[in-house]
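Peer 1: For reference, the structure I am asking about is given below.
The values are calculated or read from the model by the stated rules, or taken from the named source; none is laboratory data. These numbers were taken from a predicted model, which means no experiment stands behind them. Note that each Cβ is placed from the backbone with ideal geometry, even for glycine, and that neighbours are counted across all protein chains shown.
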Amino acid sequence: MDKYHSEATATPPRKGLFAPAPHAEPLPLQRIDPVYKQLRLQVFLGIFLGYAGYYLVRKNFSLVMPDLIEQGYSKSDLGFALSGVSIAYGLSKFLMGNVSDRSNARTFLSVGLLLSALTMVFMGVAPIATSSITIMFILLFLNGWFQGMGWPPCGRVMVHWFSTKERGTKMSIWNVAHNVGGGLVGPIAIAAVAIFGTWESKFYFPGLVALVFAAIAYMLVRDTPQSCGLPTIEAYKNDYPANYSAAQEQELTARQIFFEYVFNNRVLWYIAFANAFVYLVRYGILDWAPTYLEEAKGFSVKETGWAYFAYEYAGIPGTLLCGWISDKVFKGRRAPATIIYMVLVLIAVLVYWKNPAGNLWIDNVALISIGFLIYGPVMLIGVQALDLVPKKAAGTAAGLTGLFGYLGGALFANIAMGFIVDHWGWDGGFTMLVAACVLSILFTAFTWKREKLHLNLQ
Ligand SMILES: O=P(O)(O)OC[C@H](O)CO
């Protein structure tokens, strides 16, 4: 046995379409480095394009809503149908995250995207799909459920192919996939209408494009290094977290994942609560920006559109910088970078709130700053969840934070923010967002000491 082949190589326990890929015969020593390098790039591209593909078919309904209003549907009915995506997504990221932890990331990621894309194609080609709010709610709920099959297998690939100390940087680059995919939704919808001339094409054209992304992801992604005859990433990079043991290479049962590693992990609960407050700010600012800027700050529709676009794209450099800071400056610790970013978000939210109407550029700078800053913590909380549990429980751990993010944060941002602004004005809404910033910092701070212990830094 050499340093690479000293780890246990357990055979995965299940069979079927999603069964984890069996371990292959170990490669000869001289082939390990070149094959590892090539496959790390390949699987990374696979999860990047795969997750970008997921975002192509996440939010198409919002773009079709104006057409459905012309068909006679009300905003509140369509809002109800749209909530099906968030509700199902939050539940599925957690529950399907657990299934993903016991599944082959290659098939799981591709099949989820295939199903989500087919749902969008169906919504575009079958008139019955948009014939009632109930049917639309059911289909959007289904789409949200399939969407929940995207993040967890990407997390599984990340923890099996990239070691703890490089994960912040690599995850931050991967995380840009969702800005890239989300940013392409608008242009693809415009192209769809130009090519096909119907509003229904805004559903089926992105669906067809996403099918191509699913095929590419299937070609590129590989489940684990061991399934390709390679040693574990910990051995290859000589980067072992404090509690690592060879037993962590064994696939786990659902019960083991939930009860031995997730539900009893206090730090994970702190992060889940922190994520609910981070998502409250993410969606509280994003979803209400057009209304706030037009109502309270006198922006035109066009000016609002640009500000909204800039918010999303400012997230790309902000996320990359955040991941780099976490890996290089804080040696793999996530809490300090998250806290620094959330303190700056708090300042930017205060400026965005208190700046008197008429100073458009100050509002724009504040909003772009929030966009630049908020996606760093969004990404790092996911990374921290992956870091805190054994590799085979990664999807469930990140799924728990997603459950809180979507059911606690995103839904609350939509429903409670509207209620508060109706009753107490924008001051009430912003007081809630400022409180959310403070609480996200507090819950992240609770993880400060344990994270250091976990990373062998104390
Ligand atoms: O909100 P989600 O689950 O789509 O995740 C978005 C980003 O990928 C967070 O890392």
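Peer 1: Considering every residue within segment 276-297, establish whether at least one is at positive phi and in contact (Cβ under 8 Å) with a residue 60 or more places away in the chain.
Peer 2: Taking every residue of segment 276-297 in turn, none turns out to be at positive phi and in contact (Cβ under 8 Å) with a residue 60 or more places away in the chain.
Peer 1: Restricted to segment 130-179, and to residues that are touching a residue at least 12 places away in the same chain (Cβ under 8 Å) and not in a helix (DSSP H, G or I), which residue is farthest from the ligand (Cβ to nearest atom)?
Peer 2: SER163
Peer 1: Give segment 45-78 a look and list any residue that's more than 16 Å from the ligand (Cβ to nearest atom) and touching a residue at least 40 places away in the same chain (Cβ under 8 Å), or say none.
Peer 2: Of everything in segment 45-78, those that are more than 16 Å from the ligand (Cβ to nearest atom) and touching a residue at least 40 places away in the same chain (Cβ under 8 Å) turn out to be LEU45, LEU63, VAL64, ASP67, LEU68, GLN71, TYR73, ASP77, LEU78.
Peer 1: Checking GLY182 against (1) within 15 Å of the chain's Cα centre (by Cα); (2) more than 12 Å from the ligand (Cβ to nearest atom), which single condition isn't satisfied?
Peer 2: Only one criterion is unmet by GLY182, namely (2).
Peer 1: Let me ask another. How many residues does segment 403-426 contain that are of a type in the set (Gly, Ala, Ser), away from the ligand (no atom under 14 Å from the Cβ) and closer than 15 Å to LEU82 by Cβ?
Peer 2: 1
Peer 1: Check segment 354-361 and report whether any residue there is within 16 Å of the ligand (Cβ to nearest atom) and either under 18 Å from the mean Cα position of the chain (by Cα) or in a helix (DSSP H, G or I) (or both).
Peer 2: Within segment 354-361 (the criterion being within 16 Å of the ligand (Cβ to nearest atom) and either under 18 Å from the mean Cα position of the chain (by Cα) or in a helix (DSSP H, G or I) (or both)), the answer is no, since none of the residues qualifies.
Peer 1: Looking at segment 222-240, which of its residues are assigned to a loop (DSSP other than H, G, I, E, B), among the β-branched types (Val, Ile, Thr) and more than 12 Å from PRO22 (Cβ to Cβ)?
Peer 2: Across segment 222-240, the qualifying residue is only THR232.
Peer 1: Determine whether segment 146-159 contains at least one residue that is surrounded by 22 or more Cβ atoms within 10 Å (Cβ to Cβ), more than 19 Å from ALA393 (Cα to Cα) and modelled with pLDDT of 95 or more.
Peer 2: Taking every residue of segment 146-159 in turn, at least one turns out to be surrounded by 22 or more Cβ atoms within 10 Å (Cβ to Cβ), more than 19 Å from ALA393 (Cα to Cα) and modelled with pLDDT of 95 or more.
Peer 1: Given the conditions (1) over 30 Å from MET120 (Cβ atoms); (2) not in a loop (DSSP other than H, G, I, E, B), report the number of the one that ASN243 does not fulfil.
Peer 2: (2)
Peer 1: For segment 205-235, give me each residue that is over 19 Å from ALA52 (Cβ atoms) and over 20 Å from the mean Cα position of the chain (by Cα).
Peer 2: THR224, PRO225, GLN226, SER227, CYS228, GLY229, LEU230, PRO231, THR232, ILE233, GLU234, ALA235 - these are the residues of segment 205-235 that are over 19 Å from ALA52 (Cβ atoms) and over 20 Å from the mean Cα position of the chain (by Cα).
Peer 1: Of the residues that make up segment 58-68, is at least one more than 21 Å from VAL180 (Cβ to Cβ), in a helix (DSSP H, G or I) and out of contact with any helix residue (DSSP H, G or I) (no Cβ under 8 Å at 6 or more places or on another chain)?
Peer 2: Yes: one or more hits.
Peer 1: Can you pull out every residue in segment 412-423 that is aliphatic (A, V, I, L, M), closer than 30 Å to ASN98 by Cα and buried (at least 19 other Cβ atoms within 10 Å of the Cβ)?
Peer 2: Result: ALA413, single match.
Peer 1: Let me ask you something else. Scan segment 326-361 for residues that are modelled with pLDDT under 95, among the hydrophobic types (A, V, I, L, M, F, W, C) and either farther than 29 Å from LYS165 by Cα or not assigned by TED's automatic domain parsing to the domain that holds ASN275 (or both) and report the count.
Peer 2: 3
Here is a yes/no grid of residues against (1) aromatic (Phe, Trp, Tyr); (2) touching a helix residue (DSSP H, G or I) at 6+ places or on another chain (Cβ under 8 Å); (3) closer than 29 Å to PHE309 by Cβ:
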position	(1), (2), (3)
THR130	no, yes, yes
TRP151	yes, yes, yes
TRP161	yes, yes, no
THR164	no, yes, no
ARG222	no, yes, no
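Peer 1: In contact with a Cys (Cβ under 8 Å, 6 or more places away or on another chain) and in a helix (DSSP H, G or I) - does that describe any residue in segment 310-332?
Peer 2: Within segment 310-332, not a single residue is in contact with a Cys (Cβ under 8 Å, 6 or more places away or on another chain) and in a helix (DSSP H, G or I).
Peer 1: For a quick check of your reading of the model, give me the residue pairs whose first member lies in segment 426-450 and is basic (Lys, Arg), whose second is surrounded by 14 or more Cβ atoms within 10 Å (Cβ to Cβ), with beta-carbon atoms closer than 6 Å and at least 6 apart or on different chains.
Peer 2: ARG450/VAL267
Let's see how each residue does on (1) closer than 30 Å to CYS228 by Cα; (2) surrounded by 24 or more Cβ atoms within 10 Å (Cβ to Cβ); (3) among the aromatic types (Phe, Trp, Tyr):
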{"site": "PHE44", "(1), (2), (3)": "yes, no, yes"}
{"site": "GLU70", "(1), (2), (3)": "no, no, no"}
{"site": "LYS75", "(1), (2), (3)": "no, no, no"}
{"site": "ILE87", "(1), (2), (3)": "no, no, no"}
{"site": "GLY97", "(1), (2), (3)": "yes, yes, no"}
